[in-house]
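Shown next, in C-alpha cells, is the structure this report addresses.
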Amino acid sequence: MSTQRKAVALISGGLDSMLAAKTIMDQGVHVEGINFFTGFCVEGHTHAIREKDRSKPKRNNSLWVAEQLGIKLHIVDVIEEYKNVLINPKHGYGAHLNPCLDCKIFMVNKARQWIAENGFDFIITGEVIGQRPMSQRKATMPIVAKESGADDLLLRPLCAKNLAPTLPEREGWVDRAKLHDFNGRSRKPQIEMAERHGFHDYSQPAGGCCFLTDKKYSAKLVDLWQSHGHKDYELDDVMLLKVGRHIRPARHFKLIVAREEGEGRFLQGYQKEFISMLASSHSGPLVLIDGTPSAEDLYLAAGITARYGQGRDAEQVDVTVTDKDGSERMIQVKPLAKDMPQEWFI
C-alpha cells in the first residue's frame, strides 16, 4: 500500500491559492494550509472598523479559504522576521513599498522549514506565470525556488504545465496531466474553475490584501520612517497607518483624524499612547497627535481638529486636549482655514 503524500499550501486568502490546494487535494494528497502573518494583511480588520465597509465580509480570508476546502490552517506570526524583508529587500520594491519577490522567497523558505519540521513532502503555491509583474514572471520563478531553498519541492499547480516537472511530478506523487497551464493576467480560467467547484464569495485580487501595494499606505509608511529618522515599525504603526486622515504640519508631529464614527472608536483604544483632541463645543472627530508637539503646535493641531468638526465655520471652538496620563485641559481656537497646505496631507 502506497504512503499518502502530504503537502502544505501557502494560503493567502485569495482564489489562486484556494484552487491550487484544491487541485492537489483532488489527487488524494493530504493538504494543510499555512498563512504567514506579517501584519500588513489586515483587510477584514479595517472592514470591521469602518462604517462604510459594513457590508463587506468581516473575516480572515485565509481562514475562510481553509473552511471552504475543509483543511487545517496553520497561522504563523512572522512580524519581527518580516521586518528585514521589507526594510532591506534584496530584489527591491515594486511600484510602491511592496517587496514582492523577496516576500515570496521568504514565505516559501519558511514553508520549507515547516515541512521539514512536520514531516510533509512538498509545498504548494497559487502562483501563475504572468499574474504579478514582479514575483510571478517565468524568469523570477526559478529565483524563488532556488533562493528559498525549496528547489523542486515547490509545486505551482495552476501553471505547472508551463514549467519543468518538479519532484512531486517526477516521483508520481501527483499526476502532471491533471495540473494546469494557466498563464497571464486573465482571471477567466480561475473563475470558471471556481464555478465548477462551487466556490463563491471569494476575495477579489487587487494586489492581494497586502497594504504595501497601496500607494497612499506606502507614502504614510515612508513618512513614518522619515519622521523617526530610521526604518522601523511596530504592529500598532501598521494598523494606525491604515486608519484616519494623516496630516503632518511639521516633521516632529502629525495628526491622525478619524474620518467617521467607526474609526473614532478604534482610535479611542490608543488614547493612553498619544495626546488626543476632541472638540467639546461642537461635534467633531477624535484626533491623535503623534510626535513631540510644542504648546504652539498644540494650538495649530486644535485649529485643525476644529476645522474637521461641526464648528468649522464658527468664530471659536472649544477643544479638549487629553494627555497620555488622562489629564485634560480645554483650549479655545479659531478653526483653521479650509485651504491647508497640500504638502501637509500624507
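The values are calculated or read from the model by the stated rules, or taken from the named source; none is laboratory data. Values in this document were obtained by computation on a predicted structure and should not be read as measured data. Note that we place each Cβ from the backbone using ideal geometry, even for glycine, and neighbour counts take in every protein chain shown. For the accessible areas, the whole protein counts, side chains as well, though only heavy atoms, and no ligand, DNA or RNA atoms are used. Shrake-Rupley method; radii C 1.70, N 1.55, O 1.52, S 1.80 Å.
Keeping every protein chain present and rolling a 1.4 Å probe, give me the accessible area per residue for segment 287-330 in Å². List each step's numbers first, then the result.
On the way: 2190 Å² over 44 residues.
Heavy-atom accessible area per residue stands at 50 Å².
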For the pair I75 and A116, the simple spin-label estimate (label points 7 Å beyond Cα toward Cβ) gives in nm 2.7 nm
Putting +1 on Lys and Arg Cβ atoms and -1 on Asp and Glu Cβ atoms, find which of A219, T322, S283 reaches farthest to the positive end of the dipole of the chain.
-> A219
Reach of K272 by Cα under 20 Å, taken over aspartates and glutamates that are not fewer than 8 positions away in the same chain | E234, D236, D237, E261, E263, D290, D297, D323, D325, E328
Roughly what would the spin-label model give for D175 and T292, points 7 Å off Cα along C-beta, in nm?
-> 6.8 nm
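So if I place +1 on the C-beta of Lys and Arg and -1 on the C-beta of Asp and Glu, and nothing else carries charge, what would the dipole magnitude of the chain be about its Cα centre? I want it in debye, nearest 20.
Numbers: 46 positive and 45 negative charges, 203 e Å.
The calculated dipole for the chain is roughly 980 debye.
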Sulfur and carbon atoms: percent of accessible area, the chain [1.4 Å] = 49 percent
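Ranked from highest to lowest mean number of other Cβ atoms within 10 Å per residue, what is the order of the peptides 99-109, 29-39? Don't skip to the answer; put the middle values down first.
On the way: 99-109: 23.1, 29-39: 21.3.
So the peptides 99-109, 29-39, ranked by packing, come out 99-109, 29-39.
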Which of the cysteines found in the chain have nothing to pair with, since no other Cys Cβ lies under 4.7 Å from theirs?
-> C100, C103, C159, C210
Scoring the chain by relative contact order with C-alpha pairs under 8 Å, at least six apart, yields a percentage of 15 percent
How much of the calculated P(r) for the chain lies past 28 Å, in percent of all Cα pairs?
-> 50 percent
Report Rg (one decimal) and Dmax (nearest whole number) for segment 219-281, counting Cα atoms only, units Å.
-> 12.1, 40
